[in-house]
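Engineer: Take this structure first; my questions come after.
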Amino acid sequence: MGNDGRLMIFIDDLDRCLPENALSVLECLKLHLDQSNCIFVIGIDKRIIEQAVGQRYPKELGITGREYIEKIINLNFFLSDKDRDEVKNRLLQGSLTAEYSNDEKIWGMISKATNSNIRKMQQFITAFYMIQEIVKKHNFMLADKLAQPRLTPEHQSRIEKKKIEWNTDEKYKFCKIILLQLNFPDFYDRLANNHQLMDQIYTAWQNEGGTDDSIDIGIDNLIKSTNKHLIFAQFLENRNLIDFIVTYYNDGKITNSDDWKAIQKLSQSVTYM
(Lines give C-alpha, C1' and ligand atoms only; values in the text may rest on other atoms or scores of the structure.)
Protein backbone atom coordinates (compact mmCIF):
# COMPACT_ATOMS: atom_id res chain seq x y z
CA MET A 1 0.00 0.00 0.00
CA GLY A 2 2.82 2.38 0.73
CA ASN A 3 2.69 5.09 3.39
CA ASP A 4 -0.19 6.94 1.73
CA GLY A 5 -2.19 3.94 0.54
CA ARG A 6 -5.56 2.77 1.81
CA LEU A 7 -6.76 -0.77 2.42
CA MET A 8 -10.51 -1.11 1.93
CA ILE A 9 -12.14 -4.28 3.26
CA PHE A 10 -15.75 -5.10 2.28
CA ILE A 11 -17.80 -7.42 4.50
CA ASP A 12 -21.31 -8.11 3.23
CA ASP A 13 -24.25 -10.03 4.73
CA LEU A 14 -22.62 -10.25 8.14
CA ASP A 15 -26.06 -10.67 9.68
CA ARG A 16 -26.44 -14.01 7.86
CA CYS A 17 -23.74 -15.56 10.03
CA LEU A 18 -24.62 -17.20 13.31
CA PRO A 19 -25.06 -14.37 15.85
CA GLU A 20 -22.02 -15.50 17.86
CA ASN A 21 -19.83 -15.62 14.73
CA ALA A 22 -21.01 -12.19 13.59
CA LEU A 23 -20.05 -10.68 16.93
CA SER A 24 -16.66 -12.43 16.80
CA VAL A 25 -15.96 -10.76 13.44
CA LEU A 26 -16.89 -7.35 14.85
CA GLU A 27 -14.67 -7.96 17.88
CA CYS A 28 -11.75 -8.67 15.52
CA LEU A 29 -12.44 -5.49 13.56
CA LYS A 30 -12.17 -3.43 16.73
CA LEU A 31 -8.48 -4.34 16.91
CA HIS A 32 -7.83 -2.49 13.64
CA LEU A 33 -10.14 0.51 13.93
CA ASP A 34 -7.31 2.78 15.05
CA GLN A 35 -5.44 2.14 11.80
CA SER A 36 -6.04 5.24 9.68
CA ASN A 37 -5.14 3.45 6.45
CA CYS A 38 -7.75 0.68 6.97
CA ILE A 39 -11.32 1.32 5.88
CA PHE A 40 -14.06 -1.21 6.57
CA VAL A 41 -17.34 -1.26 4.65
CA ILE A 42 -19.87 -3.52 6.36
CA GLY A 43 -23.25 -4.60 5.02
CA ILE A 44 -25.55 -5.74 7.83
CA ASP A 45 -29.08 -5.74 9.11
CA LYS A 46 -28.40 -3.79 12.30
CA ARG A 47 -31.46 -5.25 14.03
CA ILE A 48 -30.01 -8.77 13.84
CA ILE A 49 -26.69 -7.68 15.32
CA GLU A 50 -28.44 -5.72 18.07
CA GLN A 51 -30.37 -8.85 19.04
CA ALA A 52 -27.14 -10.87 19.08
CA VAL A 53 -25.55 -8.36 21.46
CA GLY A 54 -28.58 -8.62 23.72
CA GLN A 55 -28.19 -12.40 23.82
CA ARG A 56 -24.46 -12.33 24.62
CA TYR A 57 -24.37 -9.61 27.29
CA PRO A 58 -26.64 -9.67 30.35
CA LYS A 59 -28.90 -6.65 30.82
CA GLU A 60 -27.10 -5.93 34.09
CA LEU A 61 -24.03 -4.82 32.14
CA GLY A 62 -26.03 -2.05 30.49
CA ILE A 63 -24.69 -2.81 26.99
CA THR A 64 -27.33 -2.30 24.32
CA GLY A 65 -27.04 -3.51 20.76
CA ARG A 66 -27.37 0.00 19.39
CA GLU A 67 -24.58 1.39 21.57
CA TYR A 68 -22.33 -1.54 20.68
CA ILE A 69 -22.70 -0.87 16.95
CA GLU A 70 -22.32 2.89 17.32
CA LYS A 71 -18.89 2.41 18.90
CA ILE A 72 -17.70 0.45 15.87
CA ILE A 73 -19.44 2.09 12.90
CA ASN A 74 -18.74 5.78 12.36
CA LEU A 75 -20.74 6.47 9.23
CA ASN A 76 -24.10 4.90 8.39
CA PHE A 77 -25.86 4.59 5.05
CA PHE A 78 -29.42 3.30 5.21
CA LEU A 79 -30.94 1.51 2.23
CA SER A 80 -34.61 2.11 1.53
CA ASP A 81 -37.12 -0.75 1.53
CA LYS A 82 -37.44 -2.60 -1.75
CA ASP A 83 -40.24 -1.43 -3.99
CA ARG A 84 -42.40 -4.36 -5.14
CA ASP A 85 -42.72 -3.09 -8.72
CA GLU A 86 -38.99 -2.47 -8.96
CA VAL A 87 -38.25 -6.01 -7.80
CA LYS A 88 -40.82 -7.43 -10.21
CA ASN A 89 -39.35 -5.51 -13.17
CA ARG A 90 -35.88 -6.76 -12.33
CA LEU A 91 -37.03 -10.38 -12.20
CA LEU A 92 -39.01 -10.01 -15.42
CA GLN A 93 -35.76 -9.47 -17.26
CA GLY A 94 -35.41 -13.27 -17.18
CA SER A 95 -37.35 -15.57 -19.48
CA LEU A 96 -38.81 -17.76 -16.71
CA THR A 97 -41.35 -15.18 -15.55
CA ALA A 98 -42.61 -13.66 -18.78
CA GLU A 99 -45.68 -15.93 -18.89
CA TYR A 100 -46.94 -14.57 -15.56
CA SER A 101 -45.94 -10.95 -15.95
CA ASN A 102 -49.56 -9.76 -15.68
CA ASP A 103 -50.75 -12.17 -12.99
CA GLU A 104 -50.95 -9.78 -10.05
CA LYS A 105 -52.27 -12.51 -7.77
CA ILE A 106 -49.15 -14.65 -8.15
CA TRP A 107 -46.84 -11.65 -7.81
CA GLY A 108 -48.71 -10.58 -4.71
CA MET A 109 -48.28 -14.03 -3.17
CA ILE A 110 -44.57 -14.08 -4.02
CA SER A 111 -43.98 -10.60 -2.66
CA LYS A 112 -45.89 -11.27 0.55
CA ALA A 113 -44.22 -14.59 1.37
CA THR A 114 -40.66 -13.49 0.51
CA ASN A 115 -41.00 -9.93 1.81
CA SER A 116 -39.79 -8.87 -1.67
CA ASN A 117 -36.39 -10.47 -1.11
CA ILE A 118 -34.92 -10.81 -4.61
CA ARG A 119 -32.89 -13.93 -3.83
CA LYS A 120 -35.91 -15.73 -2.33
CA MET A 121 -38.14 -14.60 -5.18
CA GLN A 122 -35.68 -15.96 -7.72
CA GLN A 123 -35.54 -19.29 -5.88
CA PHE A 124 -39.31 -19.55 -6.05
CA ILE A 125 -39.47 -18.58 -9.73
CA THR A 126 -36.94 -21.28 -10.66
CA ALA A 127 -38.79 -23.96 -8.67
CA PHE A 128 -42.19 -22.89 -10.02
CA TYR A 129 -40.94 -22.90 -13.61
CA MET A 130 -39.46 -26.38 -13.23
CA ILE A 131 -42.70 -27.75 -11.80
CA GLN A 132 -44.61 -26.23 -14.69
CA GLU A 133 -42.27 -27.95 -17.16
CA ILE A 134 -42.60 -31.27 -15.29
CA VAL A 135 -46.40 -31.00 -15.50
CA LYS A 136 -46.27 -30.22 -19.22
CA LYS A 137 -43.96 -33.15 -19.94
CA HIS A 138 -46.10 -35.46 -17.81
CA ASN A 139 -49.29 -34.49 -19.64
CA PHE A 140 -47.63 -34.76 -23.07
CA MET A 141 -46.56 -38.32 -22.25
CA LEU A 142 -50.11 -39.18 -21.22
CA ALA A 143 -51.45 -37.63 -24.45
CA ASP A 144 -49.10 -39.88 -26.45
CA LYS A 145 -50.38 -42.94 -24.60
CA LEU A 146 -54.00 -41.92 -25.20
CA ALA A 147 -53.24 -41.59 -28.91
CA GLN A 148 -52.20 -45.23 -29.14
CA PRO A 149 -54.64 -47.45 -31.04
CA ARG A 150 -56.79 -50.20 -29.52
CA LEU A 151 -56.90 -48.78 -26.00
CA THR A 152 -59.60 -50.33 -23.87
CA PRO A 153 -62.02 -47.89 -22.18
CA GLU A 154 -60.72 -49.06 -18.80
CA HIS A 155 -57.10 -48.40 -19.75
CA GLN A 156 -58.01 -45.03 -21.23
CA SER A 157 -59.82 -44.05 -18.02
CA ARG A 158 -56.79 -44.95 -15.90
CA ILE A 159 -54.51 -42.81 -18.06
CA GLU A 160 -56.87 -39.81 -18.00
CA LYS A 161 -57.01 -39.91 -14.19
CA LYS A 162 -53.24 -39.41 -14.08
CA LYS A 163 -53.46 -36.09 -15.89
CA ILE A 164 -52.39 -33.09 -13.80
CA GLU A 165 -54.55 -30.03 -14.22
CA TRP A 166 -52.76 -26.71 -14.72
CA ASN A 167 -55.63 -24.24 -14.56
CA THR A 168 -55.57 -20.98 -12.64
CA ASP A 169 -56.58 -22.49 -9.32
CA GLU A 170 -54.02 -25.29 -9.60
CA LYS A 171 -51.26 -22.79 -10.34
CA TYR A 172 -52.14 -20.89 -7.19
CA LYS A 173 -52.05 -24.13 -5.18
CA PHE A 174 -48.56 -24.94 -6.41
CA CYS A 175 -47.49 -21.35 -5.88
CA LYS A 176 -48.71 -21.34 -2.28
CA ILE A 177 -47.14 -24.68 -1.34
CA ILE A 178 -43.74 -23.88 -2.86
CA LEU A 179 -43.65 -20.52 -1.10
CA LEU A 180 -44.41 -22.23 2.21
CA GLN A 181 -41.68 -24.81 1.57
CA LEU A 182 -39.03 -22.25 0.77
CA ASN A 183 -39.90 -19.49 3.24
CA PHE A 184 -41.68 -21.18 6.14
CA PRO A 185 -40.25 -24.74 6.28
CA ASP A 186 -41.27 -25.42 9.89
CA PHE A 187 -44.87 -24.55 9.11
CA TYR A 188 -44.76 -26.62 5.92
CA ASP A 189 -43.58 -29.68 7.88
CA ARG A 190 -46.50 -29.30 10.29
CA LEU A 191 -48.90 -28.75 7.40
CA ALA A 192 -47.76 -32.02 5.84
CA ASN A 193 -49.09 -33.82 8.91
CA ASN A 194 -52.11 -31.60 9.52
CA HIS A 195 -53.68 -30.51 6.24
CA GLN A 196 -56.28 -28.45 8.14
CA LEU A 197 -53.70 -26.17 9.76
CA MET A 198 -54.28 -23.23 7.42
CA ASP A 199 -58.04 -23.64 7.87
CA GLN A 200 -57.61 -23.57 11.65
CA ILE A 201 -55.51 -20.41 11.55
CA TYR A 202 -57.88 -18.67 9.16
CA THR A 203 -60.93 -19.56 11.28
CA ALA A 204 -59.19 -18.33 14.44
CA TRP A 205 -58.26 -15.10 12.65
CA GLN A 206 -61.91 -14.57 11.68
CA ASN A 207 -63.02 -15.24 15.24
CA GLU A 208 -60.59 -12.55 16.40
CA GLY A 209 -62.21 -9.95 14.15
CA GLY A 210 -60.28 -10.52 10.94
CA THR A 211 -61.99 -9.55 7.68
CA ASP A 212 -60.83 -8.53 4.21
CA ASP A 213 -61.11 -4.91 5.35
CA SER A 214 -59.39 -5.43 8.70
CA ILE A 215 -56.64 -7.97 8.07
CA ASP A 216 -54.15 -6.36 10.45
CA ILE A 217 -56.67 -5.99 13.27
CA GLY A 218 -57.45 -9.69 13.10
CA ILE A 219 -53.75 -10.59 13.05
CA ASP A 220 -53.00 -8.31 16.02
CA ASN A 221 -55.81 -9.86 18.05
CA LEU A 222 -54.78 -13.38 17.04
CA ILE A 223 -51.18 -12.83 18.13
CA LYS A 224 -52.38 -11.46 21.48
CA SER A 225 -54.53 -14.55 22.06
CA THR A 226 -51.73 -17.10 21.65
CA ASN A 227 -52.78 -19.04 24.76
CA LYS A 228 -56.14 -19.79 23.15
CA HIS A 229 -54.56 -21.45 20.11
CA LEU A 230 -51.98 -23.92 21.38
CA ILE A 231 -52.19 -26.07 18.23
CA PHE A 232 -50.42 -23.40 16.18
CA ALA A 233 -49.19 -21.01 18.89
CA GLN A 234 -45.55 -21.32 17.82
CA PHE A 235 -46.36 -19.91 14.37
CA LEU A 236 -48.10 -16.80 15.69
CA GLU A 237 -44.66 -15.33 16.35
CA ASN A 238 -44.20 -15.04 12.59
CA ARG A 239 -46.52 -12.23 11.54
CA ASN A 240 -45.42 -12.46 7.91
CA LEU A 241 -46.54 -16.11 7.77
CA ILE A 242 -49.96 -15.35 9.29
CA ASP A 243 -50.41 -12.39 6.94
CA PHE A 244 -49.61 -14.61 3.95
CA ILE A 245 -52.04 -17.33 5.06
CA VAL A 246 -55.06 -15.10 5.71
CA THR A 247 -54.51 -12.79 2.73
CA TYR A 248 -54.34 -15.61 0.18
CA TYR A 249 -56.40 -18.23 1.99
CA ASN A 250 -59.04 -18.51 -0.75
CA ASP A 251 -56.56 -18.53 -3.63
CA GLY A 252 -55.43 -22.04 -4.52
CA LYS A 253 -57.28 -23.54 -1.57
CA ILE A 254 -56.40 -27.16 -0.86
CA THR A 255 -59.70 -28.94 -0.26
CA ASN A 256 -58.69 -32.57 0.33
CA SER A 257 -55.76 -34.89 0.98
CA ASP A 258 -55.56 -35.95 -2.68
CA ASP A 259 -54.86 -32.33 -3.65
CA TRP A 260 -52.14 -32.15 -1.05
CA LYS A 261 -50.45 -35.43 -2.06
CA ALA A 262 -50.24 -34.44 -5.73
CA ILE A 263 -48.86 -30.99 -4.99
CA GLN A 264 -46.44 -32.26 -2.34
CA LYS A 265 -45.02 -34.93 -4.64
CA LEU A 266 -44.31 -32.47 -7.45
CA SER A 267 -43.01 -29.63 -5.32
CA GLN A 268 -40.66 -31.86 -3.33
CA SER A 269 -39.21 -33.25 -6.55
CA VAL A 270 -37.96 -29.75 -7.36
CA THR A 271 -37.19 -28.02 -4.08
CA TYR A 272 -35.31 -30.91 -2.51
CA MET A 273 -33.30 -32.19 -5.44
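Engineer: Quick one: count up the residues across the stretch 1-23 that are more than 24 Å from the chain's Cα centre (by Cα), under 23 Å from residue 68 (Cβ atoms) and open to solvent by less than 40 Å² (accessible area, probe 1.4 Å).
Structural biologist: Selection size over the stretch 1-23: 2.
Engineer: Here is a follow-up. Please go through the stretch 55-70 and give me each residue that is open to solvent by 50 Å² or more (accessible area, probe 1.4 Å), in contact with a helix residue (DSSP H, G or I) (Cβ under 8 Å, 6 or more places away or on another chain) and part of a helix (DSSP H, G or I), ordered by number.
Structural biologist: The answer is 55, 56, 66.
Engineer: Follow-up. Which residues, taken from the stretch 26-49, are in a helix (DSSP H, G or I) and open to solvent by 50 Å² or more (accessible area, probe 1.4 Å)?
Structural biologist: Listed by number, the residues that qualify are 27, 28, 30, 46, 47, 48.
Engineer: Quickly run through the stretch 184-222 and pick out the residues that are in contact (Cβ under 8 Å) with a residue 24 or more places away in the chain, open to solvent by 30 Å² or more (accessible area, probe 1.4 Å), closer than 21 Å to residue 110 by Cβ and out of contact with any Asp or Glu (no Cβ under 9 Å at 6 or more places or on another chain).
Structural biologist: Scanning the stretch 184-222 gives a single hit, 186.
Engineer: Name the residue that is nearest to residue 111 (Cα to Cα), counting only residues in the stretch 158-177 that are of a type in the set (D, E, K, R) and in contact (Cβ under 8 Å) with a residue 60 or more places away in the chain.
Structural biologist: Among them, the one singled out is 176.
Engineer: Select, from 57, 68, the only residue that is modelled with pLDDT of 80 or more and out of contact with any Phe, Trp or Tyr (no Cβ under 7 Å at 6 or more places or on another chain).
Structural biologist: Testing whether each residue is modelled with pLDDT of 80 or more and out of contact with any Phe, Trp or Tyr (no Cβ under 7 Å at 6 or more places or on another chain) leaves just 68.
Engineer: How about the stretch 113-170: which of its residues are open to solvent by less than 80 Å² (accessible area, probe 1.4 Å), at pLDDT 85 or above and aromatic (Phe, Trp, Tyr)?
Structural biologist: Across the stretch 113-170, the qualifying residue is only 124.
Engineer: Check the stretch 152-161 and report whether any residue there is aliphatic (A, V, I, L, M) and part of a helix (DSSP H, G or I).
Structural biologist: yes
The values are calculated or read from the model by the stated rules, or taken from the named source; none is laboratory data. Predicted model only: the values in this text are computed from it and were never measured. No Cβ is skipped: glycine too gets one built from the backbone with ideal geometry, and neighbour counts run over all protein chains shown. These accessible areas exclude ligands, DNA and RNA; they are computed on the full protein's heavy atoms, side chains included. Shrake-Rupley method; radii C 1.70, N 1.55, O 1.52, S 1.80 Å.
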